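S.K.: Structure incoming, see below.
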Number of protein chains: 4
Amino acid sequence: MAQKENTNNISKLLRKIKSKPLDRELGFGKNVTLNGRLMNSDGSFNVDREPLGRWDNTYYHLVTMSWRHFFMLIFSFFLLLNIFFSCLYVLIGVENFNGVTLGDFGHNFMQAFFFSSQTLTTVGYGHISPNGLVISILASFESFLGLLAFALMTGLLYGRFSRPSAKIVFSENLLIAPYKGGKGLMFRMGNAHKSELIETEVQVLMAVNQRDEDGTVNRKFYPLSLEINKISFFSLSWTIVHALSDQSPIFNFTAQDILDANAEIMVLVKGTDETSQQVVHARRSYSGEEIVWNAKFSPVIERTSRGVPKVLTRRIGAHELLEIE
Amino acid sequence: MAQKENTNNISKLLRKIKSKPLDRELGFGKNVTLNGRLMNSDGSFNVDREPLGRWDNTYYHLVTMSWRHFFMLIFSFFLLLNIFFSCLYVLIGVENFNGVTLGDFGHNFMQAFFFSSQTLTTVGYGHISPNGLVISILASFESFLGLLAFALMTGLLYGRFSRPSAKIVFSENLLIAPYKGGKGLMFRMGNAHKSELIETEVQVLMAVNQRDEDGTVNRKFYPLSLEINKISFFSLSWTIVHALSDQSPIFNFTAQDILDANAEIMVLVKGTDETSQQVVHARRSYSGEEIVWNAKFSPVIERTSRGVPKVLTRRIGAHELLEIE
Amino acid sequence: MAQKENTNNISKLLRKIKSKPLDRELGFGKNVTLNGRLMNSDGSFNVDREPLGRWDNTYYHLVTMSWRHFFMLIFSFFLLLNIFFSCLYVLIGVENFNGVTLGDFGHNFMQAFFFSSQTLTTVGYGHISPNGLVISILASFESFLGLLAFALMTGLLYGRFSRPSAKIVFSENLLIAPYKGGKGLMFRMGNAHKSELIETEVQVLMAVNQRDEDGTVNRKFYPLSLEINKISFFSLSWTIVHALSDQSPIFNFTAQDILDANAEIMVLVKGTDETSQQVVHARRSYSGEEIVWNAKFSPVIERTSRGVPKVLTRRIGAHELLEIE
Amino acid sequence: MAQKENTNNISKLLRKIKSKPLDRELGFGKNVTLNGRLMNSDGSFNVDREPLGRWDNTYYHLVTMSWRHFFMLIFSFFLLLNIFFSCLYVLIGVENFNGVTLGDFGHNFMQAFFFSSQTLTTVGYGHISPNGLVISILASFESFLGLLAFALMTGLLYGRFSRPSAKIVFSENLLIAPYKGGKGLMFRMGNAHKSELIETEVQVLMAVNQRDEDGTVNRKFYPLSLEINKISFFSLSWTIVHALSDQSPIFNFTAQDILDANAEIMVLVKGTDETSQQVVHARRSYSGEEIVWNAKFSPVIERTSRGVPKVLTRRIGAHELLEIE
């Protein structure tokens, strides 16, 4: 029954929207989910792709994972490689080493392990050294692998450093606040990075379910026009405003209308990071539930003791409810 | 005789094509092959260039070869360098080493080899160490070379990592399928990379042999107009369609006409990889033989258990033949 | 009282300015300081931003700090890491090392320190070597950390090398000099880098305090039009001129007017560095006090012995006062 | 007297040129040499710039010097650093080393030298090891410097690898050849790199001395219009043609006119290297003496055994003289 009312409502909404849908192709065709979100709230798309091969996305993952995971992964990799070679040495026989005292398995393994780690890191103290032919070949190969692994690690580290990234924080909510005598749909972003973002542009798209003439419910995309959609320097905070005038596709929508249409509001930000001169992108998606009606953002800029304006990026989403008129 | 009919057919084709040829210069002049392909099916051009010097294209090859070949090459290089220095040490005399037991050539060579590998990788255990003047100088030089080789390897690895690349898969065939009441020439592409491609654009060019007024057969290029030639996010799959309307240069062409004209259909894709923010290109060429008449693509997107759309990139070319009306 | 006159003057200035304010949004909103500067004289913005996390801006600082500080930081880091591990070794007991002679704390610490440094740098002579289990594990871990630290250092060094940067020097002053029968506001820049800057563009903005209709004093931005604002090759020096015609927002302003309006003149330069093919930016801000009235720039280009023009970048700001007419 | 005729000729030329001078600012002002060349024949500008500091252009030189010089420099640097530390060790006293036999200065120096090289490369065999306090500290510092030097070397190597570069070869001469019933000024370029150049654009500028109304001789720049100035793929060779029609600034110029006007013809090429996706630039300058009248380029493309067109880049400038009509 709820579903019924909902779809009735959608056909009402169809008549309400006067503005034109998006005139460019987003690239999601008609496979866009009617009930799920197209974009996750962190801006990644809610789709999956089958890789062609096993290693296809390895570099991507190694470069985008968190630093903590990255260091843990590297350490585990070195440890496992170490253990693998230690086992080989024990199998061949630790009596092939100079400077080793024979003992039980644990004792032998530890000596092999230390030799292996000294070989892999190329520290090579030499108080343990390979003597037999097979073990010498294996140690040569291990030191080569050590160098290779280290070169890979260096490349990955630089790959992580040089990845273009913006540290843009978005308010957790969209607000509907008084704006120029009427109302406006607003969100706020802040630049949390030391580096300036220049020529920063914002686009806002709304996806809604709409009943077509033939009765089928389809996902439609509408651009939401912005009062200011480009700034030269994104240094402080920026409150982006879509005026809810009669030109807006959601003019006169109620909170329930927005929920019924399963609205998703997608924010696409593009700018140039000044330090690296790379174009960076950030995205954010808001669902209808994340809209707060009749609220306004609290101040986010304070003056430092030197009188310099300072953005409190952690308070970017802070807002206060307004009395309902 | 087949050739005769063929060229007769070409002069008929001349009259058939109403649309204008490409208005920009591709850069292949009149040297384009009339019988061969301009582009290989993987998108590389079917041309050759004399390098100016011996090392000219070394970096290009080292960065573009497959990973398997790259690792094999590096390993071979280390092994050969190792063997080269081992021979030098044996020539000078292994009695110049501390910690070496003298024996036959094989025994001496192996000891020199292990010393050399410990020097090249800078592991330097020290149970073998250089004693004489010449051998010490050689070992110093080898360890310097080892560092240099390793620095080169690190640079190459990063060069490979950071190379802009798109993992776009193309359907193996062009299909001629029903489209909007008429017919359309279609192919399908999928993004097999974890990273999004943004602002992706496609151009399709057709090269055909045409008889000019003076009777000579020349290679002409025509753009094939597309229904949609740009999408904002290439996240899933994309079926690119050229409508076979009367505006199309191959309107009313039969399968034989296309073969006679030695048609080559070239696809040029351009987009921005979101992770690296680099512009990436992909190309694909189809010959007339690769066109399947009266077929349509099979679905390529399934829903995961979470309801998320997933592209089955390995099935990008899957199609089914239609009953001939 | 001075303040009073000042604000009276501002309301006069309002009437004086005929040209239109900037038609694009700079991104500083109304939080721009009325008394302080928006831009420091080195072109950085006079704002502060709260980072989100402790490590947020680490890479930025490591890549932008001076080389002297960078090398000192690296050296200190190695030294501290060394001392930290030395202390651990002394705590565990240096009797666990082979090749160490026991003595007082200082003696033991130095031996541990040398072992530690030989481990961290992977030089590993081996005259001191770990013997006990705990100390061997610690040494393994230290050599792994050494490799990691070294990989980070390599990445940072390359990050510093590859950072896009222009070495543009600006004259220390703005001059008001005779220009085409009238007067012009001028500054001079030189390219101090070996690499050419191509397609170099300059924009000049002026920020002034202005009294609005409602009596509040606001910061307004005006573009200053330039005679030439783009050159193909920035090889030598370039004198940028804003003609003080009646189209200029500061036409007929006196020196006192400019000080009263708290004028700040901001220069934004953008070009492409030819060697790295990266877009580079430079900025400079001048306050009203930095304007020199009735002066002209001294020559800055001399001929080398080969007759080649040479820019004396250190004399870029050299100027001489003109006799007041 | 020759000078007189020459300048008379220039004033005649003034009347001859009907086309408009360049409408954008090149950036060389009026300091351009009237007699010398603005651009060297390799495309670098014939200007000099005083650096601001001692290290300003170090990275630029290290990245742009030839590979042979680069390797020699690195090797010399390691050798000198080695010798420097060896001297310090000898000064402190080689009796502070374990494993060293004392002898005359040469003997001691060589032992110190080998120890130093084993420390700098971190190979550290350990048959020589530091014993005294001062010598141990020095060795620690040397191994740290070794790592640092090696990290710098890795960074520089990658900086060299990743530098955007086009390997475009230009014909050594400009030809004046028959073209479309009239004559054309032509040169030829070839792509000698394995990688494609896409969207390649060419501009040709001519600098000539011209007598102004007031009798002073000034350097003026004219664009030379081209039949085709952009190609999609620069895969083979490309002959760039400026038609000597009555629209050309050098229409009806004789060989002597061109020499009298001290003409310099500058070629600016811009394209995108497909492998690295970087924009690359190439420049070439021709003087009047490098124009060959009445000649045409010899074929530069041959067919390989597989029928594939191949550019003979070493013959890019090959031409044959035509009979004078």
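S.K.: Tell me the Rg and the Dmax, in Å, that the Cα atoms of region B:215-294 produce.
M.R.: 15.6, 53
S.K.: Average partner chain C-beta neighbours within 10 Å, per residue of D:264-272?
M.R.: Numbers: counts 0, 0, 0, 0, 3, 0, 1, 0, 3.
Average neighbour count from other chains, rounded to a whole number: 1.
S.K.: List the extent of the Cα atoms of region B:58-161 along each of their three principal axes, largest first, rounded to whole Å.
M.R.: 45, 23, 21
S.K.: If you don't mind, there's one more thing I want to ask. Just for the Cα atoms in chain D, what are the lengths along the principal axes, largest first, rounded to whole Å?
M.R.: 87, 60, 33
S.K.: Determine the shielding of peptide D:250-260 by partner chains: average, over its residues, the number of Cβ atoms on other chains within 10 angstrom of each Cβ.
M.R.: 0
S.K.: Moving to a separate point now. Rg and Dmax of region C:165-309, Cα atoms, in Å?
M.R.: Gyration radius and largest Cα-Cα distance of region C:165-309: 16.9, 65 Å.
S.K.: Rounded to the nearest 500, what is the 222 nm mean residue ellipticity of chain D from helices alone, with -39500 (n - 2.57) per DSSP H run of 4+ residues and division by all residues?
M.R.: -10000 deg cm²/dmol
S.K.: Determine the shielding of peptide D:310-316 by partner chains: average, over its residues, the number of Cβ atoms on other chains within 10 angstrom of each Cβ. It would help to have the intermediate numbers written out before the result.
M.R.: Working: counts 4, 5, 3, 5, 3, 1, 2.
Shielding by partners across D:310-316 averages 3.
S.K.: Mean shadow of region C:162-203, computed from the convex hull of its alpha carbons, in nm²?
M.R.: Numbers: hull surface 17.3 nm².
That works out to 4.3 nm².
S.K.: What distance in nm separates the two pseudo spin-label positions at C:GLU199 and B:SER225, each 7 Å out from Cα along the beta-carbon direction?
M.R.: 3.1 nm
S.K.: Note the angle between two axes, namely the Cα long axis of helix C:67-92 and the longest principal axis of the Cα atoms of chain C, as a number of degrees from 0 to 90, rounded to the nearest 10.
M.R.: Long axis of C:67-92 versus the principal axis of chain C: about 20 degrees.
S.K.: Under a 5 Å amide H to amide H cut-off, with H placed in plane at 1.01 Å, what residues pair with A:GLN278 once short-range neighbours are removed?
M.R.: A:ASP273
S.K.: Rounding to the nearest 10 and keeping the result within 0 to 90°, find how far the Cα-based axis of helix D:2-16 lies from the longest principal axis of chain D.
M.R.: On a 0 to 90 degree scale, this one is about 70.
S.K.: Also, I was wondering about something else. Please get the size of the charge dipole for chain A, origin at its Cα centre, with Cβ charges of +1 on Lys and Arg and -1 on Asp and Glu, quoted in debye to the nearest 20.
M.R.: Details: 32 positive and 30 negative charges, 167 e Å.
The dipole of chain A has a size of about 800 debye.
S.K.: When the Karplus curve 6.51 cos²θ - 1.76 cosθ + 1.60 is applied with θ = phi - 60°, which whole-Hz ³J(HN,Hα) does each residue of region C:233-246 get, with x for Gly and Pro?
M.R.: The phi angles translate into 10, 9, 9, 10, 10, 9, 9, 8, 10, 10, 5, 8, 7, 6 Hz.
S.K.: Let me ask you something else. What's the FRET efficiency of C:LYS180 with B:ASN218 using the Cβ-Cβ distance as r and R₀ = 41 Å, to the nearest 0.05?
M.R.: 0.10
S.K.: Moving on. Could you tell me the extents of the protein assembly as shown's C-alpha atoms along the three principal axes, largest first, rounded to whole Å?
M.R.: 106, 106, 85
S.K.: Hey, can you rank A:308-321, C:49-62 by average C-beta count inside 10 Å, highest first?
M.R.: Going by the mean number of other Cβ atoms within 10 Å, highest first, we get A:308-321, C:49-62.
S.K.: Region A:243-325: which chymotrypsin sites (Phe, Trp or Tyr not before Pro) are DSSP loop and have at most 16 other beta-carbon atoms within 10 angstrom? Let's see the in-between values first.
M.R.: On the way: sites: A:PHE251, A:PHE253, A:TYR286, A:TRP293, A:PHE297; in loops: A:PHE251, A:PHE253.
For chymotrypsin sites (Phe, Trp or Tyr not before Pro) across region A:243-325 that sit outside H, G, I, E and B with at most 16 neighbouring Cβ atoms in 10 Å, the list reads A:PHE251.
S.K.: Report the residues of region B:201-245 in range of a label on B:GLU302: point 7 Å along Cα→C-beta, backbone N strictly under 18 Å from it.
M.R.: B:236-237
S.K.: At a 10 angstrom cut-off on C-beta neighbours, averaged per residue, how do the peptides A:199-209, D:38-48 rank from highest to lowest?
M.R.: Ranked by mean Cβ neighbours within 10 Å, highest first: A:199-209, D:38-48.
Where a number appears in this text, it was derived from the coordinates with a stated rule and is not lab data. Nothing here was measured: the structure is a model prediction, and the numbers come from that model. Don't worry about glycine lacking a Cβ; one is built from the backbone with ideal geometry, like all the others, and counts go over all protein chains shown.
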